[in-house]
Amino acid sequence: VSGLLITNARAVTLAGPPGARRGRAGMNDLGVVPRADILVMGQRIVDVVPVGARSRSRTIPPGVRIIDAEGRVVMPGFVDPHTHALWAGDRLDEWDAKRAGTPYLDILKAGGGIMSTVRAVRAATDAQLAAGLASRLATMLASGTTTVEIKSGYGLSPEHELRMLRLIAAAAREGGQLWPTVIATALLGHALDPDDPTLVERTITDTLPRVTREFPRIAVDAFCEDGAWSLADCVRLFDAARRAGHPIRVHTDQFTTKGMTDWAVEHAAASVDHLEASSRETLARVAASSTVACLLPCTGFHTDGRYADGRAIIDGGGAVAIATNCNPGSSPCSSMPMAIALAVRKNGLSPAEAIVGATRNAAALLGLGDRGGLEPGARADLLILRHENERELAHEFGASPVDAVVLGGRVALG
Ligand SMILES: [Zn+2]
């Protein structure tokens, strides 16, 4: 078994009881050990102790590689809990139209937006799709993402949704060795196909049962919005998915409120994502629930300058995660440091809250209890930053803060 000792680290451990952190007190406790030794054996963290607290000659096995962090921050790798990173084509012409003043919902109605990426994905070969994804996963790793959730949703038809999920599963088999651990989500209710009026019905009666057979317990997601899936259709999909044992996630309250967020919270959804248009009352219900609020500030930055009120959710005692929402239309960004920088400026989070949202809470919402903190037994996915203070993560933006990435105990970068 190979070993690694990182010494003289400012360790941001996020140690504590399992599960998502909530509220102002819970989300501001980073469990910092100012000068720490972090010992890794194989794929796991053995312990994090103050420098000098152990006799090295007695307890460090021979052959362990030693890295001197020289006071730099060492923290858990980022967990990006919401992306659409498997796609083909580009939406550059659409971006030109948007900048010329065409509203997004009009572009959707004209068959652009998500449908243009659906057409590109259907036309691409498996090899083209896999190569694009591999390139994006390498970019994510370089900015510190060690676990990433990837949604289907650009296939729509049963055949193409299953094809997307199989391609994501293929990337997941390499994940944790070559690139971040990949977690798949079945985004079955993403768009309406103007050429297929039976799509909603087919999704519920055909696609979903096939997904259940091939990917049992995978999270099922939908986009509840004008021009996308209605509240009634989302509820039908989610009722069927819940009966089949799938956790539920939903894109909700991005532009308009449909009542989806309240329904999702009442039905113990794993997460409600977006929330830019949510009312105060709805945010209070999210805050009081077990559902994690997943904020996507890169989308507001790229599209329309609207951001979810993360401050209200945390002050109400809720659990917040943040994600890039990486996709070719509304959020061409795969950088979790950028999402952190924006969450602090635009969602009202403190730097510590944004770090918790990008690590422990993101892992919790994906159902991963073995990462998101530097604790004995945790998977050894960790970062050495350029910085000596973790608040720099939020303060600086636009360049990667990462000096080194350890992926499952192996130095993957740096
Ligand atoms: Zn999304």
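The values are calculated or read from the model by the stated rules, or taken from the named source; none is laboratory data. What you see is a predicted model; the values in this text were computed from it and never measured. Cβ atoms come from the backbone with ideal geometry, glycine included; neighbour counts cover every protein chain shown. For the accessible areas, the whole protein counts, side chains as well, though only heavy atoms, and no ligand, DNA or RNA atoms are used. Shrake-Rupley method; radii C 1.70, N 1.55, O 1.52, S 1.80 Å.
Table for the structure above
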| quantity | calculated |
| --- | --- |
| Debye equation applied to the C-alpha atoms of region 260-377, log10 I(q)/I(0) at 0.10 Å⁻¹ | -0.27 |
| Per-peptide average of other Cβ atoms within 10 Å, ordering 306-316, 233-243 highest first | 306-316, 233-243 |
| Cα-based equivalent ellipsoid of the chain: semi-axis lengths in Å, sorted from largest, via gyration tensor | 36, 22, 20 |
| Whole-angstrom gap from region 371-414 to region 224-268, using each part's C-alpha centre | 34 |
| For the chain: accessible area per residue (Å², 1.4 Å) | 37 |
| Furthest towards positive pole of dipole, A269, L296, F238, structure part region 236-297, Cβ charges | F238 |
| Cα centre as origin, Lys/Arg/Asp/Glu Cβ charges: region 161-250 dipole, Debye | 580 |
| Lys, Arg +1 and Asp, Glu -1 on Cβ, resulting dipole of region 45-85 about Cα centre, debye, nearest 20 | 260 |
| Whole-number Å³ per residue for the convex hull built on Cα positions in region 175-234 | 116 |
| Relative contact order of region 1-137, defined on C-alpha pairs under 8 angstrom at six or more residues apart (%) | 26 |
| Degrees between helix 126-142 axis and first principal axis of the chain (Cα, 0 to 90, nearest 10) | 40 |
| Charge sum, other residues only, whose C-beta stays under 14 Å from E161's C-beta, Lys/Arg counted +1 and Asp/Glu -1 | +1 |
| Accessible surface of the chain, 1.4 Å probe, proportion on carbon and sulfur as whole % | 54 |
| Over region 1-42: Rg over Rh, Cα atoms, Kirkwood Rh | 1.10 |
| Cβ-defined net charge surrounding Q254, 12 Å radius [Lys, Arg +1; Asp, Glu -1] | -4 |
| Long-range HN-HN contacts of L188 with modeled amide H, under 5 Å | D221 |
| Distance histogram in 10 Å bins (all Cα pairs of region 1-93, percent per bin) | 14, 36, 25, 15, 9, 2, 0 |
| For region 149-197, diffusion coefficient by Stokes-Einstein and Kirkwood Rh (Cα), 37 °C, 0.692 mPa s, µm²/s | 287 |
| Rounded to 10°, Cα long-axis angle of helix 231-243 versus longest principal axis of the chain | 60 |
| Alpha-carbon Rg with Dmax, taken over region 67-119, Å | 19.1, 56 |
| Net charge dipole size for region 133-195 [Lys, Arg +1 and Asp, Glu -1 on Cβ; Debye, nearest 20] | 260 |
| Most positive-pole-ward Cα, V1, I322, Y307, against dipole of the chain from beta carbon charges | V1 |
| Cα-based helix-to-principal-axis angle, 336-346 vs the chain, degrees rounded to 10 | 70 |
| Which of H160, H246 is most accessible, then next, and so on - probe 1.4 Å | H160, H246 |
| Options P81, L137, W95, ranked by Cα towards positive dipole end of region 67-155, top entry (Cβ charges) | W95 |
| Fraction of beta bridges assigned by DSSP in the chain that are antiparallel (%, nearest 5) | 40 |
| Centre separation in Å (Cα based) which lies between region 132-187 and region 90-127 | 21 |
